[in-house]
2 protein chains.
Amino acid sequence: VSARHLRLIVEYDGRDLCGWQRQANGATVQGHLEDALGKLLTVPTAVAGASRTDAGVHARGQVACFHTERAIPLHGIRRGLNSLLPDAIAIREVTEVGEDFHPRFSATGKHYRYLVWTDGDRSPRWRHRAWHRPERVDLPAMEAAAVHLRGEHDFAGFRAAGCSAKTTRRTMEGIDLSYPEPSLLAIDVRGNAFLRNMVRIMVGTLLDVGHGRRSPAQVLEILETGIRERAGVTAPPHGLELMAVRYGGRPYVPRRPVEPVIGGEGDDSV
Amino acid sequence: VSARHLRLIVEYDGRDLCGWQRQANGATVQGHLEDALGKLLTVPTAVAGASRTDAGVHARGQVACFHTERAIPLHGIRRGLNSLLPDAIAIREVTEVGEDFHPRFSATGKHYRYLVWTDGDRSPRWRHRAWHRPERVDLPAMEAAAVHLRGEHDFAGFRAAGCSAKTTRRTMEGIDLSYPEPSLLAIDVRGNAFLRNMVRIMVGTLLDVGHGRRSPAQVLEILETGIRERAGVTAPPHGLELMAVRYGGRPYVPRRPVEPVIGGEGDDSV
């Protein structure tokens, strides 16, 4: 019997989860998926993921793969997993992929969205999905800073201390600012690959620019010197969502800045 | 000292709340507001609301009023209340209104939105905000049924058993169907006033039409006969949100059907 290689599109609400990666203690997405697959397939099954999202980070387009020799049809796997998984995690799609496909190593790009609630007062609606920064935002300054971040650069200044990546050159195909609704600022970041906490450090730095505490030129300086301490804080995880992972295909087309984003559009860019 | 009459715009996440109206047991919006005002103003303060939303129903534009003789500036009241209220409730605006203003009796219209998640699989993102109905939806049939509901009618067939309204004639200025994002059906209902559970019974009935279990003509029949039993189930509360309350001004302009709704647009229609 030859093993089938199956790919899942996974959506999750990161609020009560300790991130993607399986841990001895704490509920994780990988842990829940492996436990559910173990029950469904009645054999221990390992799952590989595209992005090791941190505790509290959300996803609507995480990609995960596993092998099985069972002949369960794809929709049966989708429904079976959804009945076994907690409400915070759902399988949106199951497809069969080639043996050489790997959710992380085959990926050619990822799209993350970070939400900031910019109103003076907090929002009950967005409290679990957006970082509340009540200060006034200078959008043209942020846009000028984002221009520096687009393209291929050494992003050493934008990675967490624990990041073990060997190279720090990455290509940002798009960093787009928009207001999906009044007071809700969306920062859409599309790139070929990311360093640890890179999007969240970019967001912290861009907001410093938006709040007048840092100039757009200083962002260029962080890229040139690679000094993490010159960048802004790491934005909290609950504002971040993995929208989609891309495999093959053309690079993301950068979107026009400050154009309203209609929810869900990111799913098309896989 | 003459008492000031102040109007609040209140946003809340209804999930862990027992609705608007103060109760002996259970956290309600009115109860939380009165408790917070009692602390802030140091005297017991009664709050009147525009809509007595049920347990589990959300709001981004609830309107509430109270009297006070304290000279605290409006922004101080907003900030003070927001620091005293739980995270699920926030004050978005405080304005001074005339003595004869009443949040409910002065209202000339309300806008409610009901969300339905129509995908075959549940969505972690929308699980607390949309009713999951995985069946295929016949949108043109629902649109044809919505046409019957628009305008002035006797809505006796669309009210809960416990409804005590003396008259049942109401005017629906708009019942608009749209997809704010793929698989997320929004039903925007704008009317001069509403009977108990009216929006939720309309939604249950419209979905029966969308699922082919009822014809658009049968909706006309429910209006003509006024028999509640001929209408659909009462849709669950967690899909419903009070978007805005209107005072004075022209009626809502019905929106073109099946046009994408960008989040937050409803706030402009007060």
With θ taken as phi - 60° and the coefficients 6.51, -1.76 and 1.60, list the Karplus ³J(HN,Hα) couplings across the range A:229-242 in order, rounded to whole Hz; mark glycine and proline as x. 5, 7, 8, x, 5, 7, 4, x, x, 5, x, 9, 9, 7
Rounded to whole Å², per residue accessible area for the range A:45-90 with a 1.4 Å probe reads 37
Once you place label points 7 Å from the Cα toward the Cβ at B:D16 and A:A48, how far apart are they in nm? 4.0
Return the sequence-ordered ³J(HN,Hα) values of the range B:173-186 in whole Hz as given by the Karplus equation 6.51 cos²θ - 1.76 cosθ + 1.60 applied to θ = phi - 60°, using x for Gly and Pro. 7, x, 9, 10, 9, 7, 10, x, 8, x, 6, 10, 8, 10
Between A and B, buried accessible area summed over both sides at probe 1.4 Å, in Å² to the nearest 100? 2600
Between the modelled labels at B:C163 and B:A217 (7 Å from Cα along Cα→Cβ) the distance in nm is 2.5
Mind listing the phi-derived Karplus ³J(HN,Hα) values for the range A:43-60, rounded to whole Hz, using 6.51, -1.76 and 1.60 with θ = phi - 60°, and x for any glycine or proline? 9, x, 10, 8, 10, 10, x, 7, 9, 8, 5, 6, 3, x, 7, 9, 8, 10
What percentage of the solvent-accessible surface of chain B, computed with a 1.4 Å probe over protein heavy atoms, is contributed by carbon and sulfur atoms? 51
Given charges of +1 on the Cβ of Lys and Arg and -1 on the Cβ of Asp and Glu, with all other atoms neutral, how large is the dipole of the protein assembly as shown about its Cα centre, in debye to the nearest 20? 540
In whole Å, largest first, the alpha carbons of the range A:84-187 cover along the principal axes 51, 41, 26
Under the Debye formula (equal points on every Cα, no solvent term), log10 I(q)/I(0) of the protein assembly as shown at q = 0.09, 0.11 Å⁻¹: -0.75, -1.07
With an 8 Å cut-off on Cα pairs and a minimum separation of 6 or more residues, tell me the relative contact order of chain A in percent. 22
How much solvent-accessible surface does A:D54 expose, in Å² to the nearest 10, with a 1.4 Å probe and all protein chains in place? 40
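The values are calculated or read from the model by the stated rules, or taken from the named source; none is laboratory data. Values in this document were obtained by computation on a predicted structure and should not be read as measured data. Cβ coordinates were reconstructed from backbone atoms using ideal geometry, including for glycine residues, and neighbour counts include every protein chain displayed. Please note that ligands, DNA and RNA were not included when accessible areas were found on the heavy atoms of the full protein model with its side chains. Shrake-Rupley method; radii C 1.70, N 1.55, O 1.52, S 1.80 Å.
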